[in-house]
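Just so it is clear, none of the values below were taken in a lab; they were calculated from the coordinates. None of these values were measured; they are calculated from a predicted model. Please note: Cβ atoms are built from the backbone with ideal geometry, for glycine as well, and neighbour counts cover all protein chains shown.
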Amino acid sequence: MLYVDADLTSKPQPAPSMVLSANDLAPSENAMGTETQAWLPIVLWGQLLLLVTLALSWLWIRWGKWQTWVIALPVLGYLVLSVADEVTRLLPNLT
């Protein structure tokens, strides 16, 4: 068990108010709002996905089927999940 003994050395500060109005929120935080800034990451992740797909097609020819699958599965899985993560930012805010 730990006991802490402290002395107050300054005047206590009032707690800040946490009341937010509808004007204080960003448009993406309002009901049914979306984040339009998600388009740029989606385009960039999509371009990277296309480049990796082309590179994996070249590896398929050079290495063979099974060697390419060992490399392709985790890389494509990560890229697809990254694109899906950005796409969810475009869904409407339901809270």
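Structure notes:
- Test: residue in the range 42-58 that is over 24 Å from Val87 (Cα atoms), among the polar types (S, T, N, Q) and surrounded by 11 or more Cβ atoms within 10 Å (Cβ to Cβ): yes
- Within the range 38-95, the set of residues being aliphatic (A, V, I, L, M) and outside any helix (DSSP H, G or I) comprises Leu90, Leu91, Leu94.
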